[in-house]
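Remarks on the structure that follows.
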Amino acid sequence: MAWKTIDRIQSTVDPDAPLALSEAVRDKIRSFFPRYETKRAALLPALWIVQNTNGHVSHKAMIEVAELLEIHPSDVLDTLSFYTHFWTHPKGKKVITVCRSLSCELLGGAEVLAELKKQLGIDEHGTSEDGTYSLVTEECLAACDHAPCLIVNEKTHKCVRAEDVARILADDKNDCVEMERSDLFDPPANGKGGDETAVDDLIETTSDVQEMREAD
Ligand code: FES
């Protein structure tokens, strides 16, 4: 099984194009600065904020993030290109990620992928014409016991067969995850480096940390 690299579309940056980051996005990024010793350390949250707002992180946005964090644009690209979940070009409203690792492959993952490509009329890293779906593959999605599986945005679909594809695509709620989201990501309302009590409460909900504390 070979590793596959993301086919990133290179673009040129038009210096006269409108700013990629709104003032609200800049403020949200700045609100993370007090959490770290350096502005550079806020790079990952900054990239997530940009992607969540703009749908992807364009080259122009990378340059503006670099200015905001007082680092070189190549440092932004270095970090961004390391992670497969960042997009440098527009993606569909929903991203379908199909597992391409062993368990899924053995149990029919390739057929599921082929059916998705056929029904969406796209190849890997492509986006359907109506802008609804983008399609990618990744190594193990950590649901091997329910192979073959795929994820639509954040929702995992287990034991998927090629004949399930049409039903999954037709379901408006195929990406809905019914669980409360952590508030760790959201910047503090006071902009002063985080609500330590809330973070502490959340940490205490993990049994590993609790056990470590009790062992001390
Ligand atoms: S091999 Fe597909 S989820 Fe692990």
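The values are calculated or read from the model by the stated rules, or taken from the named source; none is laboratory data. Note that the coordinates shown come from a computational prediction; the quantities given were computed from them, not determined experimentally. Don't worry about glycine lacking a Cβ; one is built from the backbone with ideal geometry, like all the others, and counts go over all protein chains shown.
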For the stretch 151-164, does any single residue satisfy the condition of being more than 16 Å from the ligand (Cβ to nearest atom), assigned to a strand (DSSP E or B) and at pLDDT below 95? no
Looking at (1) closer than 13 Å to Cys99 by Cβ; (2) away from the ligand (no atom under 14 Å from the Cβ), which is the only condition Ile122 fails? (1)
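Residue check: is Leu113 more than 9 Å from the ligand (Cβ to nearest atom), of a type in the set (A, V, I, L, M, F, W, C) and touching a Gly at 6+ places or on another chain (Cβ under 8 Å)?
Numbers: more than 9 Å from the ligand (Cβ to nearest atom): yes; of a type in the set (A, V, I, L, M, F, W, C): yes; touching a Gly at 6+ places or on another chain (Cβ under 8 Å): no.
No: the conditions fail for Leu113.
Could you grab me the full set of residues in the stretch 131-150 that are of a type in the set (Val, Ile, Thr) and either within 16 Å of the ligand (Cβ to nearest atom) or part of a helix (DSSP H, G or I) (or both)?
Taking the stretch 131-150 and keeping what is of a type in the set (Val, Ile, Thr), we get 132, 136-137.
Residues satisfying the conditions are Val136, Thr137.
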Checked against (1) within 20 Å of the chain's Cα centre (by Cα); (2) in contact (Cβ under 8 Å) with a residue 60 or more places away in the chain, Gln51 satisfies every condition except (2)
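Residues that are charged (D, E, K, R): find the helices (runs of 4 or more DSSP H) completely inside the stretch 41-130 holding 2 or more of those. Spell out the reasoning first.
Values: elements: 43-54, 59-69, 73-82, 102-106, 109-120.
Per the criteria, 59-69, 73-82, 109-120.
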So, in the stretch 138-152, exactly how many residues are more than 17 Å from Lys117 (Cα to Cα) and not hydrophobic (A, V, I, L, M, F, W, C)? 3
